[in-house]
Each structure stands twice: as structure tokens, then as C-alpha cells.
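Worksheet: the structure to be examined is printed underneath.
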Amino acid sequence: MLARECEHNINEKRIKPMRNTEVFIFLSLLTLLLCCKHSDNTRIVIVECNGKVDSIELINNYDSDKKLIETTHTLKGIVHGSTVKYFPDGKIRESRVYNHGKLFGDDEIYFSNGGLQKYQFLIDSNTTTFIRAYNENGQCMSNTGNPRVFDVIGTNRKNDTLNIKFIFADKIFSNFEVEISSDGKVYSKISFKNCDQEFPFNKVFDYVQDISEEKRIRVFLKMRGIDMFTKENLVYYDTLDMTKK
């Protein structure tokens, strides 16, 4: 009789409804699981840029031995962010950046020993504006262009100002900084935007210059940084030269 009563009590505990706290915890964990992971290979990354929030999907692809071979970021089904391919031992083989389905940004190819073979900044699949190539010993073999990789230039006729959105490539540099001047003599250090909605994966600086009294417009740039692979201190100079219409 005692044994039956114990069994009956155990069964009662098993079917006892969850308390409100337990239900809340259960639903919270279930929601977190559904929001952050769609399958074994996919999870959601929440990205905020100047008040705009995007849910970017990170997709991991594996080979038959369950080794990671590629990671891809997508936004609403379109490649958006970094895409990385790996060697069988897990080292990065290739990394490139897409902006809403279009190649735009850092593009890197690595040796199997982990050293960088080639860095370039892609504007699209056929256009590069800054290239540094290395050998397997980490020595730089060639350098083309400079870290000012792209500009969006416009004028505000109402305010009579020159408006330039500068984009810089800093991926391979440490202590990267840029100084700007309107006369080539007095330079001031610039501060990059934390996030630009049009170019969310890049170093961006918005430059505005009064051109009401100017006919020839020149903007001087001084860029410097330490190459993270060769440890060289590098300095680049560049000038934009335009005529006011």
C-alpha cells in the first residue's frame, strides 16, 4: 500500500503544471534558441549602425569530415559582410567583403603557413585601388596605390561647399591614422565615423570644405600606419585637385 502511494505521488509530481517562473524561463530559452540558431550551420548576428538594426545571417559550411571550409554572411538572402574560406587545418585561405551582394572592400589571400600572400581593396570584381603582395617569408614584394581607396564627391550649391566621403583601407595596418589639409601646409588629424550606413564595413570620413571663395580646390592627405606583417612604418601622400565649375 505504501509503495502504491509513493508511486502515485511521483506521478502527480510528473504531471504537475509548471509555475509561472518556470514557464517564463522555458519560453525565454526557446525564443533565444529559435532567434539565434536556425540549424547546426546557421546563426543570427544582430548588427546596429547609427540606429538601424540588421539581422545578418552567418552560415558555416563543412566538408564531409565536418571541418569548417567556409563562412558567409548574408542579409535577406544576399551576401553582405565577410566571406572566409579555410585550409583543412583551419587557417584562413581567403577572405573578402561584400556590400549588399557586391564585392567592395578588403580582399585577402593567405599562404598555407598563415602568412599573407596578397592584400587588395576591391571596388568590384574587376577593379582594385590598393594592393600589397608578400612572399612566404613575410617580405613585401610590391605595392600599388595607397590607402585612400574610394571617394564619393559632391557639391552643395546652396551652401557652396565641397562634400567628400573618403573611404580608407586600414586592414593590414596597426596605428593607422590620416591627416588632412586644404593648403598642404597645416594638417589636422581626422576621426573616422563609427559606422556609415552606405559603407558599413569600411573606415569612412566625411569632409566638408567651404569653396565660396575658391576656383581651384585641392585636398591634401597624409596617411600612415605600421604594416602588421612586415612591421614597416609606412607613409603615403595623396592630393585631390579639382576646378570649381
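Each value in this text was obtained by applying a stated rule to the coordinates, not by laboratory testing. These numbers were taken from a predicted model, which means no experiment stands behind them. Cβ atoms come from the backbone with ideal geometry, glycine included; neighbour counts cover every protein chain shown.
Distance between the modelled labels on Ser181 and Ser125, one decimal in nanometres: 4.3 nm (7 Å Cα→Cβ projection).
Among residues other than Thr243 with Cβ under 13 Å from its Cβ, the summed charge is +3 (Lys and Arg +1, Asp and Glu -1). The lysines whose alpha-carbon is closer than 19 Å to the alpha-carbon of Lys66, local same-chain residues fewer than 8 away aside, are Lys37, Lys85, Lys91. Of Lys222/Lys245; Lys118/Lys185; Lys185/Lys244, which sit over 31 Å apart, Cα to Cα? Too far apart for the 31 Å limit: Lys118/Lys185. Neighbour counts of other Cβ atoms within 10 Å put Thr127, Thr74, Thr243 in the fewest-to-most order Thr243, Thr127, Thr74. Shape analysis of segment 89-174 places it in the prolate category; the axes a ≥ b ≥ c from the Cα gyration tensor give an a/c of at least 1.5, with a/b above b/c. Stokes-Einstein, applied to the Kirkwood radius of segment 175-245 over Cα pairs at a viscosity of 1.002 mPa s and 20 °C, places its translational diffusion at 153 µm² s⁻¹. The ellipsoid that matches the Cα gyration tensor of segment 40-145 has semi-axes, each √(5λ) in whole angstrom, of 26, 20, 10, with the longest given first.
Taking label positions 7 Å along the Cα-Cβ direction at both Lys189 and Met228, the computed distance is 2.0 nm, reported to one decimal.
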